[in-house]
Structures are given as C-alpha cells and as structure tokens.
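The values are calculated or read from the model by the stated rules, or taken from the named source; none is laboratory data. Bear in mind that the values here come from a model prediction, so they are computed numbers and not experimental data. Because the Cβ atoms are built from the backbone with ideal geometry, glycine has one as well, and the counts that use them run over all protein chains shown.
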Amino acid sequence: MNQEALQTTELRSKTSLETILFFDGTCGLCNWTVNFVLNRDKHRRFLFSPLQGETAATYLGEVEIAAMQSVVLFTGGRSFRKSSAIVRLLWKLNLFWKCCGVLLWLVPKPLRDWTYKLIAKNRYRWFGQREACRVPTPAEREQFLD
C-alpha cells in the first residue's frame, strides 16, 4: 500500500466515528452555518473541514468537490448532501433543533432539495463570498481538520 493510501486509510479509521461537516470555506452562508453549529455543539461532537482542504479531497474526491454545491455531513461512516445533510446536522444538536430537523424531514425530499439548490445557486449573491477559507479561533482549532 502506498503512503497516500495508507494516510487515507488511517484518516478514515480515525474519524469514522466522528461527525464531519464539510463546507465551502469561501461562502458566507456556509461560514454562518459553521458558526451556528459551533455555538450549539455543547458536547463538541462536530469536526469541520472546508471543501477546499485536504480532508475533503480524501473523503470526497476532487471531481466531486469541483461540482459541489452542497455542504456534506459525514457521520457514522456515511456522507449526506443537500437537505439530508442539514436535517441530520439538526438531529445532532439540542432538543429544539432536533425537533426542527424532524419537521424538516417531513417535507418531501424533492421539495427540500429543490429549495436547497435554489439557495446554493444564489448563496454568494445573497450571503457574500470570502477570498479565503474561514480561520478558526484558537479555542475552535481542535475541531477543524484543515
């Protein structure tokens, strides 16, 4: 097994039980989402990685990242995209947000994903775009993989 494959295997085994939120590091809405989760993740269950980082390349692959218009939630060895990622993210927060996630789950997936795609398509225009990825504070640093 080559060195890169060995590192990929080690990274996946180390984080297979973790919950990783992959986000567009230059998107204002995505950065808001990361801040939202950080402020509500009292048990520090989430890890974060920008789609532009090495961890995302390991988990998702470059072709998939290039076409990505979605946050990706990796949890329990599986990855979820678009509205399914948002629903599962909410399920991992406190009771209020868990209930919001259940209500969102009741909306038919095609409608949820259509709404998600509409927001994703306009996210830079509506929420702004940064020139660089979000830099975590020293207190947040251990939750960021890249």
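Scanning for something over 25 Å from THR58 (Cβ atoms) and out of contact with any Phe, Trp or Tyr (no Cβ under 6 Å at 6 or more places or on another chain), does the stretch 77-84 turn up at least one residue?
Step one: of the stretch 77-84, the residues over 25 Å from THR58 (Cβ atoms) are none.
No, the stretch 77-84 contains no residue that is over 25 Å from THR58 (Cβ atoms) and out of contact with any Phe, Trp or Tyr (no Cβ under 6 Å at 6 or more places or on another chain).
Run down SER70, SER16 and say which single residue is buried (at least 21 other Cβ atoms within 10 Å of the Cβ), modelled with pLDDT under 85 and at negative phi. Spell out the reasoning first.
Values: SER16 fails: buried (at least 21 other Cβ atoms within 10 Å of the Cβ).
SER70 is the lone residue from the list that is buried (at least 21 other Cβ atoms within 10 Å of the Cβ), modelled with pLDDT under 85 and at negative phi.
Take the residues of the stretch 51-93 that are in contact with an Asp or Glu (Cβ under 6 Å, 6 or more places away or on another chain) and polar (S, T, N, Q): which is nearest to THR137 (Cα to Cα)?
Among those residues, the one meeting the criterion is THR55.
(1) more than 23 Å from ALA139 (Cα to Cα); (2) crowded, with 18+ Cβ neighbours inside 10 Å: which one isn't true of PHE48, the others all being true?
Among (1) more than 23 Å from ALA139 (Cα to Cα); (2) crowded, with 18+ Cβ neighbours inside 10 Å, the lone unmet condition for PHE48 is (1).
Taking the stretch 94-131 only, how many residues are among the charged types (D, E, K, R) and closer than 27 Å to ARG45 by Cβ? Full working, then the answer.
Residues of the stretch 94-131 among the charged types (D, E, K, R): 98, 109, 112-113, 117, 121, 123, 125, 130-131.
This time we only want the ones that are closer than 27 Å to ARG45 by Cβ, so: 98, 109, 112-113, 123, 130.
Qualifying residue count for the region: 6.
I'd like to know if the stretch 23-34 contains one or more residues that are under 10 Å from ASP146 (Cβ atoms) and touching a helix residue (DSSP H, G or I) at 6+ places or on another chain (Cβ under 8 Å). Please lay out each step first, then the result.
Within the stretch 23-34, the first condition is being under 10 Å from ASP146 (Cβ atoms), and the residues that meet it are 25.
Checking which are touching a helix residue (DSSP H, G or I) at 6+ places or on another chain (Cβ under 8 Å) leaves us with 25.
The answer is yes, given that some residue of the stretch 23-34 is under 10 Å from ASP146 (Cβ atoms) and touching a helix residue (DSSP H, G or I) at 6+ places or on another chain (Cβ under 8 Å).
Just need a number here: residues in the stretch 80-133 that are surrounded by 12 or more Cβ atoms within 10 Å (Cβ to Cβ), free of Cβ contacts under 8 Å to residues at least 40 places away in the same chain and not aliphatic (A, V, I, L, M).
17
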